Each structure stands twice: as C-alpha cells, then as structure tokens.
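The values are calculated or read from the model by the stated rules, or taken from the named source; none is laboratory data. Treat the numbers as computed from the prediction; the structure is a model and nothing was measured. Here the Cβ positions follow ideal geometry from the backbone for every residue, glycine too, while neighbour counts run over all protein chains shown.
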Amino acid sequence: MRVEGGSARGIELKAPPGRRVRPTTSLTRQAVFSMIENSGCKYDTVLDLYAGSGALGIEALSRGAHRADFVDNSRECCTVIRQNLLRTGFADRADVYCISAHKALGILERQYDVILLDPPYDDSCTDELLSKLMTGPLVTPETLVVVSHGARHPLARSYGLFAAWKQRRYGDSHISLYRREEQ
C-alpha cells in the first residue's frame with residue numbers, strides 16, 4: 001500500500017497485522033480524493049475516523065491538508081499510524097487518538113473541513129455515529145463527510161442538515177459524500 005498522490009506519493013505505508021483491518025484500496029483512495037478535489041471544498045483540517053493504517057488521512061496530508069487527526073480504538077493500529085506518519089514526514093502535522101470513534105465525538109474540539117470514515121462494513125452502529133457526528137460541534141456548514149461502507153448496512157439519505165451529495169461504488173466498497181443542504 002502506497003501514498004497515491006501529492007508530496008509523499010509512492011511512499012509505502014505499513015498495514016496493521018491480521019485481518020481485522022481492511023485497508024482502503026488504491027483505486028478507492030484515488031476516487032475519494034478525486035471527488036474531494038472536484039467538490040470545491042477546502043481540506044485544511046481533516047479527521048480520519050476508524051483510521052486503521054491512517055492511509056486516508058495521510059493521503060490528505062500528502063495532497064495539501066495542513067492538519068489531520070486520526071482516531072482508532074486499536075493500539076496496534078495507532079502504533080502503525082504513528083509509524084506511517086513518521087515515514088511520510090507528517091508526524092508534526094497530526095495527532096493520533098487511540099479511542100473509539102464514538103468517544104472521539106465527545107472529546108475532540110476542532111472543527112474539520114473534511115471528515116473521512118471507513119468503519120468496519122459489518123458495524124451496525126455507523127448510522128447512529130453519523131447522526132451524532134453531523135449534528136455535533138465538529139462540523140461546519142462547509143464540512144464534507146466521506147463515508148466508505150458496504151451494501152449490508154445502507155446509509156440514510158440525510159443526517160441532520162447533511163445530505164448525500166455523491167455516491168459511488170468500487171467493488172464491495174460504497175463511497176458516500178455528504179454535505180450540508182442549502183437552506
């Protein structure tokens with residue numbers, strides 16, 4: 001697994017050991033960032049929830065984000081994220097929180113331009129988390145929320161004032177982008 005674009009392009013990233021983590025494929029990461037870059041939104045500050053290896057947040061840093069926060073509840077994943085940040089030279093522009101995504105929503109204080117979520121596809125709580133996220137203090141009217149998910153647990157058309165703006169499918173991965181609806 002390598003960084004696909006930007007200043008760290010080509011640098012190899014470590015993946016956490018075992019089969020618990022499903023790293024986002026190269027094709028999917030390229031598609032996600034193509035959609036983000038074509039959305040017209042800025043992405044200076046990024047939150048990577050369910051970060052796993054940190055590949056999505058690191059891709060954002062490589063492509064110009066100034067700051068990224070990474071959240072994963074696995075110590076092994078947090079260790080790998082820190083190693084990948086050092087490897088790419090982005091450690092000074094990131095914080096890693098080794099807590100659950102649900103807990104992170106209650107303690108993080110920064111507002112984000114882009115929030116990336118890649119939860120386990122069989123996680124039935126994703127809907128609840130998205131509801132809490134998109135009605136909470138981490139989002140602004142300009143925040144873009146990008147969710148990678150499986151078909152087994154379809155997402156709602158809207159959460160609070162945020163509605164699905166774009167949706168794509170890449171193999172088993174579904175990508176849904178949410179932005180705030182016009183008032």
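Residues that are assigned to a loop (DSSP other than H, G, I, E, B) and either surrounded by 23 or more Cβ atoms within 10 Å (Cβ to Cβ) or touching a Lys or Arg at 6+ places or on another chain (Cβ under 6 Å) (or both) within region 66-88 comprise just one, Asp72. Of the residues Val71, Val96, the single one that is at pLDDT 95 or above and under 25 Å from Leu155 (Cα atoms) is Val71.
Can you tell me which of Ser148, Ser100 is surrounded by 22 or more Cβ atoms within 10 Å (Cβ to Cβ) and under 22 Å from Gly54 (Cα atoms)? Steps first, answer last, please.
Working: Ser100 fails: surrounded by 22 or more Cβ atoms within 10 Å (Cβ to Cβ).
It is Ser148.
Evaluate region 168-176: report whether one residue or more is without any contact (Cβ under 8 Å) to a residue 24 or more places away in the chain and either more than 16 Å from Ile36 (Cα to Cα) or in a strand (DSSP E or B) (or both). Yes: one or more hits.
With respect to Ser34, determine if the residue is among the polar types (S, T, N, Q) and assigned to a helix (DSSP H, G or I). In short, yes. Among the residues making up region 149-167, those that are in contact (Cβ under 8 Å) with a residue 24 or more places away in the chain and either part of a loop (DSSP other than H, G, I, E, B) or of a type in the set (D, E, K, R) (or both) are Gly150, Arg152, His153, Leu155, Ala156, Gly160, Leu161, Lys166. Can you tell me which residue is modelled with the lowest pLDDT among those in region 1-58 that are touching a Cys at 6+ places or on another chain (Cβ under 8 Å) and at negative phi? Going through the qualifying residues, I end up with Val21.
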